[in-house]
Amino acid sequence: MMAYKTCSTLLTVSCLALAAATPVAQAQTAGSGAYLATVHKHHLVTSTVPVNGDQNPYAMVVAPVTAGAVQKDDLLVDNFNNRANLQGTGSTVIDYRPSTGQTSTFATIPHNLPGCPGGVGLSTAMVMLKSGWVIVGSAPSTDGTTKTLGAGCLIVLDSTGKVAGTVAGPEIADPWGNMAWIDNGDTATLFVSNAGFGIGAPGQPVQNTATVLRLGLSIPAGKPPQVTSKTVIGSGFSAQADAGVFLIGPTGLTLGKDGTLYVSDAIGNRIVAIPDAATRTDSAGTGTLVSKDGLLNRPLAMDMAPNGHLLVVNGLNGQVVEIDPATGKQLGAQWIDADEAQTPPGSGDLFGIVVNPTGKGFYYVEDDMNTVVQAQ
């Protein structure tokens, strides 16, 4: 998303713009079994703007372990825009530490990174593994538009934020969506959507070329992860360049306990399911329909609540929607960004979401304000 408002105070929440932006949540959730019915308070925790001025926070990951510069339960957030607010040019990952309330810059990645075609523009694809390695996607541009869109890559960082390698190739074109993963310590399986195949300048027709890629990883002790397999398990998803939001494509990926991978199809305005995601050897196409339209309004980032329901943020209003994946029923929504500067309120403001490791509430980004908010 394009960040239209900027807090001038770097890595703090002391500026008036942040105080004025505190959202007033209005629950529209039905039923006592709904997770959103337990969420009542929202408070700002940090700015995501590092010293170099990067903007537009996208990916969010809660650290599973203490390693290097990161403590367990820290929140890692990356930036998609640079200081000039050009999309596809952000290169930083920030680290918010809930135990102290402090925020620091975890990584600043060189823009001209060997092995990453087109440069660096950090997307909403990011994971931290139990072994301490951080892997983040790049969907790069040189002028802030898809006219100069590069193929991008996955960037491997060590636990101190230093680049340790890249993953690229013909199966990877602008890793875009939230990663889902299975982490066994010395091996891991990653799931990531790729939205850049055949994408041209804004105004071009929708391309049904986006994929969901499964990567198998081997993680030798003390060495960076190595890719052992690449399998396309989803294909034919819609993607399109957009002047306002850069790129629209499948964004949210969440893995269920039964091995089903749920995908938010932004252009299709739906949530779909890919069964047997970790073991299938072929593509499920665009999967099977879970839920469509209704409260969904360009579904983007997605996570799974402790009750097994999906939490999906909308790109075209300031709501998070709760869905029971077993039935496809939309249980309700909550306004988490009611900023009336946009129409509808909060439109274009939401992107990343991740459930708090305590299971109570969640973090989300307001990328128009370059902030992280905690819902409890």
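So here's what we get for this one:
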| read-out | value |
| --- | --- |
| Long pairs among Lys41/Lys329; Lys162/Lys292; Lys72/Lys257, criterion Cα-Cα beyond 31 Å | Lys162/Lys292 |
| Surface/4 of the Cα convex hull for region 16-375, nm² | 15.7 |
| Residue-span extension gain [Ala278 to His43] - 0.36 nm each, minus C-alpha spacing | 80.9 nm |
| Separation between Cα centres of region 255-302 and region 101-152, rounded to whole Å | 24 |
| Top positive-direction residue, dipole computed over region 16-375 with Cβ charges, set Thr100, Thr160, Pro50 | Thr160 |
| For region 59-72, Karplus couplings with θ = phi - 60° (6.51, -1.76, 1.60), whole Hz, Gly/Pro x | 7, 9, 9, 8, 5, x, 8, 8, 7, x, 8, 10, 9, 3 |
| Contact order normalised by residue count of the chain, Cα under 8 Å, 6+ apart, percent | 16 |
| Charge dipole magnitude, Cβ of K and R +1, D and E -1 - the chain, Cα centre, debye nearest 20 | 360 |
| Anisotropy class of region 32-101 from Cα gyration tensor, a/c 1.5 cut | oblate |
| Leading residue at positive end of dipole, region 16-375 (Cβ point charges), from Ser193, Val206, Asn81 | Ser193 |
| Value of [θ]222 nm, deg cm²/dmol, for the chain, DSSP H segments ≥ 4, -39500 (n - 2.57) each, nearest 500 | -500 deg cm²/dmol |
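Since every read-out is calculated from the coordinates, none of them should be taken as a lab result. Please read these numbers as outputs of a predicted model, since none were measured by experiment. Quick reminder, even Gly has a Cβ in these numbers, built from the backbone with ideal geometry, and neighbours come from all protein chains shown.
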